[in-house]
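Input: a single structure, listed below in C-alpha cells.
The values are calculated or read from the model by the stated rules, or taken from the named source; none is laboratory data. Just so you know, these numbers come straight off a predicted model, no measurement behind them. Note that we place each Cβ from the backbone using ideal geometry, even for glycine, and neighbour counts take in every protein chain shown. For accessibility, only protein heavy atoms count, side chains too; no ligands or nucleic acids. Shrake-Rupley method; radii C 1.70, N 1.55, O 1.52, S 1.80 Å.
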Amino acid sequence: MTPATMPLPKTWRASPPHLLVLGEGAYAHALAQILTASFLRPEDISADPAPNEGGGYTKVLVNLEAVILVAGTGDAASDLLRWHESVWRWIEKLSHEGDQHDVAILFVLADASGSSLADGLALGLGLEKIDPATTGHGIARMSDSLETLCASLVAIRPMDLPPLRARRAANERHQALEMLKHAASLNEPTALHAAAERVQVAFEGCEYHLDLFCRSPSHRNGNLLRGWLNRIVTGGVTPYDAGESVVGPLGWLTEAINI
C-alpha cells in the first residue's frame, strides 16, 4: 500500500536542490551525478511530501530551477505524466511560490520511442507540441551528448503551472472528459450518454490515448473506460444496462479519470 506521505530527502534541508533528476536505472543515476543534481526515483515522490512537526511544509524547493524526467525503456507517456504530476504536487507544497514557481522540465527519452512518446506527452499536457520556448517543457534523447542535453535544458523557458492548467482546460479532449466526470458524479443517464458520445468523438481513431488521462494503473483504467464507452455509445445500452461496473454513483469512473 502506498504510504500517505513520503519523507523528504535528508540532504534537502541542508542543501536545497537547484536541479532534480527523476528516473530509474543507471542512465538517470549517472546523469544526476554528472550534473551534481538531486536524484529521486518515481516511487520516492509517489505520495505527497511529509509535513514538518508543526503540520506545515519545509520550503526546501525554493531554489529549484529545473527537473529532468528520464524515461525507462518500459515507461509509457502515462507514466511520465504521472511523475510530472507528482513533481508539481511537491513543488506546490515545498516552494514559497506554490504553483507559481517557475521551473523548466526536460523529458529525456530513449531513441527507440521515436516520436510517439513525445506526441503522447504533448497530448497529455494539452499541447499541440512540446515547444521549449513557449510551454516550459523540452525533449532530449538518451543518445544526445551531454553538451546537447544541457543545451536542450537551457533552451527551455521556465514556466509556472497556471498556463499549463489553462491549456489543458481549453483542450477538447480534456473538456470532454471533464464533462463525463461531472455527468458520472450526477449519475444521470441522459447526461452520461451525451458525455460518453462527446468523449467517443474526441478520441475517435486514437482511443488508446485515453490511457493518458487515467489514473494508475493507467492502461487498465483506460481499458475499463474504453469498454464502458463502447457499451454505452456503440452498444446502444443505457448506463444502467451496461453491467455491474456502472451501477451506483459510478465511483470507479470518477476515480479512473485524472482530470
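Miscellaneous remarks
- Nearby lysines by direct alpha-carbon distance to LYS93 (threshold 16 angstrom, same-chain neighbours under 8 apart not counted): LYS59
- Surface composition of the chain: carbon plus sulfur atoms contribute 54% of the solvent-accessible area (1.4 Å probe, protein chains only, all chains present).
- Beta bridge orientation in the chain: antiparallel %, DSSP, nearest 5: 10 percent
- Cut-off 14 Å between beta-carbons: net charge of the residues surrounding SER152, Lys and Arg +1, Asp and Glu -1: -1
- Each Lys or Arg adds one and each Asp or Glu takes one away; over the other residues whose Cβ falls under 13 Å from the Cβ of ALA256, this sums to +2.
- Segment LEU186-THR11, extension gain: residue separation times 0.36 nm, minus the distance between their alpha carbons: 58.3 nm
- On a per residue basis, the chain carries 48 Å² of accessible surface, using protein heavy atoms and a 1.4 Å probe.
- The angle separating the long axis of helix 172-186 from the principal Cα axis of greatest extent in the chain is about 60 degrees.
- In loop segments of the range 106-192 as defined by DSSP, the GluC sites (Glu not before Pro) with at most 13 further C-beta atoms inside 10 Å of their C-beta are GLU128.
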